[in-house]
């Protein structure tokens, strides 16, 4: 039986917002004998009603993009830019107002900023739809699903942040995230995996 190895490097990107900030989506390696065994059809951005033409994904309505002085269509989304914009798009955050002021800096600092603010009660370890999910920097996860083995790592200095679109009965959750492309990535995080257990959530 031949071993099939798939390596997918999702993102490696540098974000500048008022200071130099590095943000990287986890690198994921998959090894197994049947790559279709655990496949799932994920919804599209249009099915999730993500409108990338909205002001929340432009410098006029998103403090992260404004801080980067980016021109849309030329510079793709960082994880912080997209997660912040998605929260605004869903009507859960206002740009530069309320909790939207606290959310700032490197992705892995978002939970710390919330913990040190008047919104500290919104920092949780249990997943909920319409929340932000934060992973610390320099983490490596390894787990198996059937005949598939997975390894995932976060950026050594910046960590990662994404938006939780949906939660399933088994504890798995669907996220949308900026992956240094013009379109966001839609990804399923399986429940009870190391990735899921290491996640922190900011309720909005």
Next item on the list: Among the numbered conditions (1) within 16 Å of residue 184 (Cα to Cα); (2) part of a loop (DSSP other than H, G, I, E, B); (3) at pLDDT 50 or above, tell me where residue 11 comes up short.
Entry: (3)
Next item on the list: Would you check if residue 108 is under 24 Å from residue 45 (Cβ atoms) and either part of a strand (DSSP E or B) or in contact with a strand residue (DSSP E or B) (Cβ under 8 Å, 6 or more places away or on another chain) (or both)?
Entry: no
Next item on the list: Answer yes if at least one residue in region 140-153 is without any contact (Cβ under 8 Å) to a residue 40 or more places away in the chain and crowded, with 19+ Cβ neighbours inside 10 Å, and no otherwise.
Entry: no
Notebook entry, point to check: Going by the conditions given, is residue 127 outside any helix (DSSP H, G or I), under 12 Å from the mean Cα position of the chain (by Cα) and within 22 Å of residue 45 (Cβ to Cβ)?
Noted result: no
Check: Is it true that some residue in region 65-80 is more than 27 Å from residue 125 (Cβ to Cβ), crowded, with 22+ Cβ neighbours inside 10 Å, at pLDDT below 95 and over 15 Å from the mean Cα position of the chain (by Cα)?
Finding: yes
Next item on the list: Of all residues in region 154-178, count the ones that are in contact with a strand residue (DSSP E or B) (Cβ under 7 Å, 6 or more places away or on another chain), assigned to a loop (DSSP other than H, G, I, E, B) and buried (at least 16 other Cβ atoms within 10 Å of the Cβ).
Entry: 5
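The values are calculated or read from the model by the stated rules, or taken from the named source; none is laboratory data. Since this is a predicted model, take the numbers as computed values, not measurements. For neighbour counting, all protein chains shown are included, and Cβ atoms are generated from backbone atoms with ideal geometry for every residue, glycine included.
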